1. Tell me the helices (runs of 4 or more DSSP H) entirely within region 141-215 that contain at least 3 residues that are open to solvent by less than 50 Å² (accessible area, probe 1.4 Å) and under 17 Å from Asn107 (Cα atoms).
2. Can you tell me which residue is nearest to the chain's Cα centre (by Cα) among those in region 96-122 that are of a type in the set (D, E, K, R), within 23 Å of Ala54 (Cα to Cα) and in a loop (DSSP other than H, G, I, E, B)?
3. Looking at (1) open to solvent by 50 Å² or more (accessible area, probe 1.4 Å); (2) at positive phi, which is the only condition Asn138 fails?
4. Condition check: touching a residue at least 24 places away in the same chain (Cβ under 8 Å), of a type in the set (Ser, Thr, Tyr) and either assigned to a helix (DSSP H, G or I) or open to solvent by 20 Å² or more (accessible area, probe 1.4 Å) (or both). Does Thr125 satisfy that?
Amino acid sequence: MKEIIEKIATAVETGKAKDVKVLVPQAIEEGCTAQEILDEGLLAGMAVIGDRFAKNEAFVPEVLVSARAMNKGVELIKPLLLAEGSVSLGKACIGTVEGDLHDIGKNIVKLMLESRNIEVIDLGTDVPAEKFVETVKNEGCEIVCCSALLTTTMFMMEDVVKSLKEAGLRDRVKVLVGGAPVNADFCAQIGADVYTEDGATAAKEAERLLLEMHA
């Protein structure tokens, strides 16, 4: 049973979606639970590529191919996960801030968050502060991830933090910021909680924060 799970992890790590589609049903037939397949197979494989990406040992195309393979597996076990009562670690919303249409970095962070069993609501690009607030309020998100690639749009992140405060929601969410022009000093300046340089680290920090919040 362990061998088939390891094969799934390797298939995700190497981005072999076709192998994942064959191996996952085999694992189910061998008696593996959907949660085991998710945690020890699909997510474990994605975590490896995520760590390699953080160390500059893997690149964006490899991450995207691995993510596609992981998602194929998740699609196959989703009904079983629901039946088993699988519970996500928490909920996050993510978006590129208003005025900015770049999404590669955002998409990588989303995939990395999902690889750590965090439910993600993707708001897309050019997202106004009010949309972040509305999503936190309506969806119960505990993590807000803001991305920006332009120096002219990064200051919109401050609007997000201020809007969350004004809506009385700031104390129940953690705000993560990232993107080429952003740094730790800017994060502190606008009152956000965490700055990270890459998607893998963002996902690790989000996981840490959610575990602390639920402790």
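The values are calculated or read from the model by the stated rules, or taken from the named source; none is laboratory data. Owing to the predicted nature of the structure, the values given are computational and were not obtained by experimental measurement. All Cβ positions, glycine included, derive from the backbone under ideal geometry; neighbour counts span all protein chains shown. SASA here: full protein model, heavy atoms, side chains in, ligands and nucleic acids out. Shrake-Rupley method; radii C 1.70, N 1.55, O 1.52, S 1.80 Å.
1. Details: elements: 156-166, 184-190, 199-214.
Answer list for region 141-215: 199-214.
2. Arg116
3. (2)
4. In short, yes.
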